[in-house]
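The values are calculated or read from the model by the stated rules, or taken from the named source; none is laboratory data. Remember, predicted model here, so these are calculated numbers, not experimental data. As a convention, Cβ positions derive from the backbone with ideal geometry for all residues, glycine included, and neighbour counts pool all protein chains shown. Each accessible area value is taken on the protein alone, full model and side chains, heavy atoms only, with ligands, DNA and RNA left out. Shrake-Rupley method; radii C 1.70, N 1.55, O 1.52, S 1.80 Å.
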Amino acid sequence: MKYTQLGNSGIEVSRICMGCMGFGDPATGQHSWTVREDATREIVKRGLDLGVNFFDPAIAYQGGTSEEYLGRALRDYAKREDVVVATKFLPRTPDEIAEGVSGAEHVSRQLDLSLRHLGMDYIDLYIYHMWDWNTPIGEYLEGLDAAVKAGKVRAVGISNCFA
């Protein structure tokens, strides 16, 4: 397996990242084609055996079960310091907006839930999954900055957004 640096973060990752959208309980999310935990474990184990150290679930994948399945498999098959886990959060919900939950508070809530799902103390790469036209970017950046300063996140990123 070949490895590379993740941007300028100092984090070394396998050039192949295992996307985890296909992992999770088919009954709890938007996709019926996801694989259950036993198959997830086999796939993760094989990836680790081949040198993959970079895994990418999201809180939104199958109601969080993608994160749960991955977290349990990694606890059984790898040392935490030997793997790089990314995960992603979605925009605030209409209910959160109506309740006045700030973007920073939303980041904190989503991060804590992902950490519980994964059974981990920190995320290596925390990704703002898609643009939120209803929340000032500064609020999300404030939340991400606080997460890094608290030691819950090592690096941050953004996806599915226009440059």
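Relative to its residue count, the stretch 104-163 spans a Cα convex hull of 81 Å³ per residue. Residue 45 label point, 7 Å along Cα→Cβ, cut-off 17 Å on backbone N: hits in the stretch 65-95? Backbone N within reach: 69-79.
Three principal axis extents of the stretch 1-40 based on alpha-carbon atoms, in descending order, are 39, 19, 12 Å.
From the Kirkwood radius over Cα pairs of the stretch 43-109, Stokes-Einstein at 20 °C and 1.002 mPa s returns a whole-number translational diffusion coefficient of 158 µm²/s. For the stretch 47-163, the per residue solvent-accessible surface stands at 47 Å², with DNA, RNA and ligands left out and a 1.4 Å probe.
Considering only 64, 24, 47, the Gaussian network model of the chain with Cα springs below 10 Å gives its largest mean-square fluctuation to 47.
Taking the helices alone, the chain has a mean residue ellipticity at 222 nm of -11500 deg cm²/dmol, built from -39,500 (n - 2.57) per DSSP H run of at least 4 residues and averaged over all its residues. Axis angle, to the nearest 10 degrees, between helix 137-149 and the longest C-alpha principal axis of the chain: 50 degrees. Using θ = phi - 60° in the Karplus curve 6.51 cos²θ - 1.76 cosθ + 1.60, the 3J(HN,Hα) couplings for the stretch 4-12 round to 8, 7, 7, x, 10, 6, x, 8, 8 Hz; x is entered for Gly and Pro. Subtracting the Cα-Cα distance of residue 37 and residue 116 from 0.36 nm times their residue separation leaves 26.7 nm of extension gain.
Annotation: amide H-H contacts under 5 Å for residue 23 (H modelled 1.01 Å from N, sequence separation of 5 or more, or interchain): 35.
Taking the C-alpha atoms only, the angle from helix 103-118 to the longest principal axis of the chain is near 20 degrees. Here's how it looks for residue 123: its modeled amide H is under 5 Å from those of 153, 154, which are all 5 or more places away or on a different chain. Annotation for the stretch 85-163 versus the stretch 5-65: alpha-carbon center distance of 19 Å. For the stretch 1-105, chymotrypsin sites (Phe, Trp or Tyr not before Pro) are listed when DSSP marks them as loop and at most 12 other Cβ atoms sit within 10 Å of their Cβ; the list is 33. Modelled label positions at residue 98 and residue 161, each set 7 Å beyond Cα in the direction of Cβ, lie 2.7 nm from each other. Here residue 88 is the anchor, and the lysines within straight C-alpha reach of less than 23 Å, apart from those fewer than 8 places off in the same chain, are 45, 79, 149, 152.
Amide hydrogen proximity for residue 158: with H placed 1.01 Å from N in the peptide plane, the residues at 5 or more positions away or on another chain lying under 5 Å are 128. Among beta bridges identified by DSSP and lying wholly in the chain, the antiparallel ones come to about 15 percent. Taken over the chain, the convex hull of the Cα atoms encloses 118 Å³ per residue. With respect to the chain, whose longest principal axis is taken over its alpha-carbon atoms, helix 37-49 is tilted by about 70°.
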